Amino acid sequence: MPVPVPRQRAIPAVETGLAQAASASGGSSSREEAPRKEQTVENTTHTHLTLLLIEDDPGGSAVVPEMLDPAGKPIRVRTARNLTEAERLLTDDVHCILLDLALPAPGAHAGDEDELGVLKHILELAPRHAVLALTASGDAERGAQAVRVGAQDYLFRDELDGRLLSRAIRYAVERKRSDTAERRLAEGRLRAQENRRLERGLLPTPLLEGSSLRFAARYRPGRSRALLGGDFYDVVRTADGTVHAMIGDVCGHGPDEAALGVELRIAWRALTLAGLCGDELLNTLEQVLEHERSDDEIFATLCTVDIAPDGRRAGLCLAGHPSPLLARPGRAARLLPYDNNGPALGLLPGARWPRMQVELGAEWSLMLYTDGLIEGRVGEGRERLGQDGMVSMVRRQLSEGLRGEALLRAAVSEVRDLNGGELTDDVAVLLLDRGF
């Protein structure tokens, strides 16, 4: 049986760009039977290309045309006469496989109908490599079936020459590289879609049924292409008619911090619905933080507000967090008191967080935010917006008639513009309105 032609291997060649147009010329074969030492993908750019020929010719191998790689070096050829030898010779420095489809598949018996069993075995053994199938002259249907199963191309035994083989190898390797890149792109898109669905699902849905308060929120993670950061917020109404609102910030900006923020938000909602409030609730949250954080240096700031059923009063607890902004008709917007601000969660053992009573009035708007809103720069210097700058900005926007979603959208957009581009820190802002 004429010797099958070697085929180029996809792992190093496909992924490092070695599969460029190789020039082919007629001549004697260059073969080696011993496996070479495994090499990394990076090192293959400086070594000979190696082809693995898997064929079954008990009378000896036919001559394979001598071929040169793009650097003018001879392409090495290894020959395996069965799949056991092929598995031993299939080291990382192999760039191409040419498979004789006449080989029996492992475990195959006389009368088995799967003519492509050996190809399927090789594709399973070397899923990242390009494969050329070698079939009998004129058996185009079998060759086409091989391509449908997973081979990059097929060749006829009696039509092989150096130029055809070189071109087929180059095409197979480049096609495998293209298929691999396309598959990875599709997998990346699928993962991104799944991550977006997951992150959207982790953002809270406020539980305000039965309340006359209006709710709005704005969220912008600092991480590039992320939908969820270390900031977190939530709003729920308990059975007694009290509306509880919370906003917090886990230090750091990675996915671990985002996950911890979600855990703290869910824990806060569960504890709030169970009836905990103020210092007792924050102490329990701190235990959750200390148990779940990946490092003892991780801490979280938090602001909680519980609004009485009549909507005129609220309790305020601050754990190292900026104080909310209160706006009322006929009065300038101002920050709520923060004299009794306790430490951030996870910093001081045995800390306490006093609950302050705040008078809201008949009509009001209460804005809770994270420090990403106030720490952006103002212009090209080092000056930051700060709380005073934020209060002035919101006062002006309120005077322009902005409310609810429009107010939050304008605030975050202006802070970004003042910063001269995207903010590096996460930003979360929520707004509760009562007739304002």
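If the condition is being crowded, with 21+ Cβ neighbours inside 10 Å and either at pLDDT 70 or above or assigned to a loop (DSSP other than H, G, I, E, B) (or both), then segment 66-88 contributes Asp69, Ile75, Arg76, Val77, Arg78, Thr79, Ala80, Ala86. Is at least one residue of segment 290-306 under 20 Å from Gly229 (Cβ atoms), part of a helix (DSSP H, G or I) and either touching a Gly at 6+ places or on another chain (Cβ under 8 Å) or not charged (D, E, K, R) (or both)? No; the residues of segment 290-306 include none that is under 20 Å from Gly229 (Cβ atoms), part of a helix (DSSP H, G or I) and either touching a Gly at 6+ places or on another chain (Cβ under 8 Å) or not charged (D, E, K, R) (or both).
Figure legend. Inter-residue proximity from segment 208-223: first residues surrounded by fewer than 16 Cβ atoms within 10 Å (Cβ to Cβ), second residues part of a loop (DSSP other than H, G, I, E, B), beta-carbon distance below 9 Å, spacing 6+ or different chains. Indicated pairs: Gly210/Gly241; Ser212/Gly311; Ser212/Gly435.
Quick grid of which residues meet (1) in the same structural domain as Arg128 (by TED's automatic domain parsing); (2) surrounded by 11 or more Cβ atoms within 10 Å (Cβ to Cβ); (3) part of a helix (DSSP H, G or I); (4) modelled with pLDDT of 85 or more:
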{"site": "Val147", "(1), (2), (3), (4)": "yes, yes, yes, yes"}
{"site": "Tyr154", "(1), (2), (3), (4)": "yes, yes, no, yes"}
{"site": "Asp158", "(1), (2), (3), (4)": "yes, no, yes, no"}
{"site": "Ala168", "(1), (2), (3), (4)": "yes, yes, yes, no"}
{"site": "Tyr171", "(1), (2), (3), (4)": "yes, yes, yes, no"}
{"site": "Glu174", "(1), (2), (3), (4)": "yes, yes, yes, no"}
{"site": "Ser178", "(1), (2), (3), (4)": "yes, yes, yes, yes"}
{"site": "Leu190", "(1), (2), (3), (4)": "no, no, yes, no"}
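Restricting segment 245-256 to residues that are on the phi < 0 side of the Ramachandran plot and surrounded by fewer than 24 Cβ atoms within 10 Å (Cβ to Cβ) leaves a set whose member that is nearest to the chain's Cα centre (by Cα) is Pro255. Look through segment 334-354, keep the residues that are surrounded by fewer than 17 Cβ atoms within 10 Å (Cβ to Cβ) and in contact (Cβ under 8 Å) with a residue 60 or more places away in the chain, and return whichever of them is nearest to the chain's Cα centre (by Cα). It comes out as Arg352. Can you go through Arg396, Arg409, Arg331, Arg403 and tell me which one is without any contact (Cβ under 8 Å) to a residue 40 or more places away in the chain, under 36 Å from the mean Cα position of the chain (by Cα) and either within 20 Å of Ile247 (Cβ to Cβ) or assigned by TED's automatic domain parsing to the domain that holds Met246 (or both)? Result of the check over Arg396, Arg409, Arg331, Arg403: Arg403.
The values are calculated or read from the model by the stated rules, or taken from the named source; none is laboratory data. These numbers come from a predicted model, not from an experiment. FYI the Cβ positions are ideal-geometry reconstructions off the backbone, even for glycines, and counts take in every protein chain you see.
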